[in-house]
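Accompanying notes for the structure given below.
The values are calculated or read from the model by the stated rules, or taken from the named source; none is laboratory data. Note that the coordinates shown come from a computational prediction; the quantities given were computed from them, not determined experimentally. All Cβ positions, even for glycine, are placed from backbone atoms using ideal geometry, and neighbour counts span all protein chains on display.
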Amino acid sequence: MTSFDAVAVARPDSSAWSLHALREYRLARLREQMMANDLAGMVLFDSVNLRYATDTTNMQVWGHHNPVRYAFVAAQGPVIVFDATTMLHLYEGFDLIDELRPCIPWTYFTAGPRFEENAKAWAATIADLVREHGGGNKRLGVDRINPFGVWALEREGIQVVEGQGIIEHARVIKSHDELCAMRCAIATAEDGMERMREGLHPGASEREVWSILHKRNIELGGEWLEGALFCSGPRTNPWFKEASDRRIENGDIVAFDTDLIGNYGYCADISRSWICGDAKPTAEQDYLYKTAIEHLDINMAMVKAGLTFGEFAEKSENLPDRFRRQQYVCAAHGIGMCDEYPQILYWRDYKNFGFDGVLEAGMTICVESYVGEVGGREGIKVEQQILVTEGGYELLSKYPIELLNSR
């Protein structure tokens, strides 16, 4: 791995891809799904959905738990973004936005005991837009909403439709320009991974090493990390322990999952496992690693357009019995601006909680593998990000997957 020019990652090459075309494609995809579901429009509160439809950002992580800003997207009409009056200047230059308006905040944080009163005022404003732009259609999709908002809209004669699934299906097929943006995010993640490996040494704490990825993501124009899945030695088994103050020892397995929201809001979801220091892998470490890679390779080899989720689920249940109790929560999942539809479960869970569908060309997914035995000392986590094609897949995550030593 070599480093690269941060500017080259942060800016689109106009001869190769277009940010404007990316924005137009995403809005068209959303409207296509809205028309297919007979919606007059949609209201979006979720930060990621707002980014998908309008490419705007404002304190994205804060907005996940304080849904103050929102957008109304008409199926055939304007895109209107609502935010605090002191923040409307943030939207200058976004060519797909037709109108900016002050928001009506009705979370308890912003409205206190007046939240129900404000919800009624908010609903009246949205209902007016549906009546104006819906052509008599009163069906409105909403991605995330408090029950008081639903009740207030219904009193206005609006039929509220669950909207998250609609936008998930819009997001599932990536355009050429989206794939270019995603490759930028992956390049940022993999540069950060290499710097983590350079900073990994016996005596360093898990948090010290993990912080290197945060830093590099911000330096190269990325946004945030969805978790802190970085662990070492006995903390790698079972999986899902987050970074701690534990001092990493020579010969420890170190495993991590980037969960990185990088350039242009796209996610790089890549897992690797390394050996700290200059120690050679033990026989057990080598076996765990080879088992995880074999599992990953078998499952990735199945991927192609036309494969059903059920077929994938059934055939992916191929780990040795001793590792199945602690295998990963899913065999694969969609990826885009975050973990996205679909999540494809292993067969043991698919029968109770899974759903069927078909892999399509243009979908981007992550294929997962975790190998760690109940009561064992360590585990191995690996994951690849890929593009589904008609005849198979294209590997998007390029960082070496070998059980490497730290630099």
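Yes/no matrix, rows are residues, columns are (1) closer than 30 Å to Ser18 by Cα; (2) buried (at least 17 other Cβ atoms within 10 Å of the Cβ):
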| residue | (1), (2) |
| --- | --- |
| Ala170 | yes, yes |
| His176 | yes, no |
| Ala181 | yes, yes |
| Ala189 | yes, yes |
| Leu225 | yes, yes |
| Phe240 | no, no |
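Do we have Asn250 as crowded, with 19+ Cβ neighbours inside 10 Å, in contact (Cβ under 8 Å) with a residue 40 or more places away in the chain and in the same structural domain as Ser369 (by TED's automatic domain parsing) here? No, not satisfied.
Annotation: of all residues in the stretch 208-223 being in contact with a strand residue (DSSP E or B) (Cβ under 9 Å, 6 or more places away or on another chain) and surrounded by 19 or more Cβ atoms within 10 Å (Cβ to Cβ), the one that is nearest to Ser406 (Cα to Cα) is Val209. Taking every residue in the stretch 124-143 that is in contact (Cβ under 8 Å) with a residue 24 or more places away in the chain and pairing it with any residue that is surrounded by fewer than 16 Cβ atoms within 10 Å (Cβ to Cβ) and not in a loop (DSSP other than H, G, I, E, B), at least 6 positions away or on another chain, the pairs with Cβ-Cβ distances below 7 Å are Lys138/Gln159; Arg139/Gln159; Leu140/Gln159; Asp143/Gln164. When restricted to residues that are within 22 Å of Glu360 (Cβ to Cβ) and surrounded by fewer than 14 Cβ atoms within 10 Å (Cβ to Cβ), the stretch 281-313 contains 3. Scanning the stretch 98-108 for residues being at pLDDT 95 or above and out of contact with any helix residue (DSSP H, G or I) (no Cβ under 6 Å at 6 or more places or on another chain) gives a total of 4. Considering the stretch 257-266, and only residues there that are farther than 9 Å from Ala189 by Cα and in contact with a helix residue (DSSP H, G or I) (Cβ under 7 Å, 6 or more places away or on another chain), the residue that is surrounded by the most Cβ atoms within 10 Å (Cβ to Cβ) turns out to be Tyr266. Within the stretch 337-366, if we keep just the residues that are hydrophobic (A, V, I, L, M, F, W, C) and within 14 Å of the chain's Cα centre (by Cα), the residue that is surrounded by the fewest Cβ atoms within 10 Å (Cβ to Cβ) turns out to be Cys338. Looking across the stretch 121-148, the residues that are touching an Asp or Glu at 6+ places or on another chain (Cβ under 9 Å) and of a type in the set (Val, Ile, Thr) come down to Ile126, Val130, Val142.
Contact annotation: residue pairs with Cβ atoms under 8 Å, 6 or more positions apart or on different chains, pairing a residue in the stretch 310-323 that is closer than 27 Å to Glu378 by Cβ with a partner that is among the charged types (D, E, K, R) and not in a loop (DSSP other than H, G, I, E, B), are Glu317/Arg324; Glu317/Arg348.
For the stretch 264-284, does any single residue satisfy the condition of being in a helix (DSSP H, G or I) and under 18 Å from Glu373 (Cα atoms)?
Yes: one or more hits.
From Ser205, Ser232, grab the single residue that is crowded, with 23+ Cβ neighbours inside 10 Å and under 26 Å from Glu378 (Cα atoms).
The unique qualifying residue is Ser232.
For the stretch 143-185, taking the residues that are in a helix (DSSP H, G or I) and of a type in the set (Asp, Glu), the one that is nearest to Leu260 (Cα to Cα) is identified as Glu178. The criterion of being within 24 Å of Ala36 (Cβ to Cβ), in contact (Cβ under 8 Å) with a residue 60 or more places away in the chain and in contact with a strand residue (DSSP E or B) (Cβ under 9 Å, 6 or more places away or on another chain) holds for Gly165. Within the set Ala185, Ala111, Ala123, the sole residue that is at pLDDT below 95 and either among the polar types (S, T, N, Q) or surrounded by 15 or more Cβ atoms within 10 Å (Cβ to Cβ) (or both) turns out to be Ala111.
Of the residues making up the stretch 95-106, those that are out of contact with any Phe, Trp or Tyr (no Cβ under 8 Å at 6 or more places or on another chain) and farther than 17 Å from Ala74 by Cα number 1. Can you pull out every residue in the stretch 28-45 that is surrounded by fewer than 20 Cβ atoms within 10 Å (Cβ to Cβ) and either under 20 Å from Ala119 (Cβ atoms) or touching a helix residue (DSSP H, G or I) at 6+ places or on another chain (Cβ under 6 Å) (or both)? Once the filter is applied, which keeps residues that are surrounded by fewer than 20 Cβ atoms within 10 Å (Cβ to Cβ) and either under 20 Å from Ala119 (Cβ atoms) or touching a helix residue (DSSP H, G or I) at 6+ places or on another chain (Cβ under 6 Å) (or both), the stretch 28-45 yields only Asn37. Among the residues examined, Arg144 does not qualify as touching a helix residue (DSSP H, G or I) at 6+ places or on another chain (Cβ under 8 Å), assigned by TED's automatic domain parsing to the domain that holds Leu100, of a type in the set (D, E, K, R) and surrounded by fewer than 15 Cβ atoms within 10 Å (Cβ to Cβ).
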